[in-house]
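None of the figures in this text is laboratory data; all of them are computed from the coordinates on show. Every value quoted in this text rests on a predicted model; they were computed, and no experiment measured them. Every residue, glycine among them, receives a Cβ derived from its backbone with ideal geometry; neighbour counts consider all protein chains shown.
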Amino acid sequence: AQVPKRRGRPPRSSGVHDVSVKDALLEVAVQLFSEKEYQAVSTRELTQRAGVTLSSLAHYYGDKRGLYIAANLRELRKISARLEAAIGVAGQPEVRLFRFAVEFSRVLGEPAYLIVVRQHIGGDPEAISAIAKETFPTQVEQVTGAISAVGGAGMPVTIGLYALLHGLHAIRRATSAL
């Protein structure tokens, strides 16, 4: 006896496949966007490397920009958690700031950070703002609090600390290229 073909849509999945497809896209996006600029990565390359369809990318992330933002958020959440752990350790504010500065310097030298510093979708302020709002508020609050406890001016000194660390990283990269 032949089994009749079922008509209509296939039954909903358990969600296990959904997670693996979504994660596969995210993993490939992190890899590709850390290697290449946003414009140099095609949706076809993303989906082929992840082994998924273009419709999966559209389903989970909307488009390449949505996937790019999700990849940045994932990496920045990891970075932010490390930095918050460094500043959040009990101790004197000066020691906490030093630990933060050391960890921040480590982060700036890691390949995973490249995805964050790539062109940010041609300087798309909406994307940059969404990424920053999602990841850095607690960290900035903790650094500002530690600086204020030392007797500094809080937010201006915090911005200066970030700028100094970024500047030192840029100088290190420039001199290592010589």
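Observations
- Cross-link reach list, aspartates and glutamates versus LYS78, counting only Cα pairs under 20 Å and skipping chain neighbours closer than eight places: ASP23, GLU27, GLU35, GLU103, GLU110, GLU134, GLU141
- Estimated distance in nm for a label pair at GLU141 and ASP63, the labels positioned 7 Å out from Cα along Cα-to-Cβ: 3.4 nm
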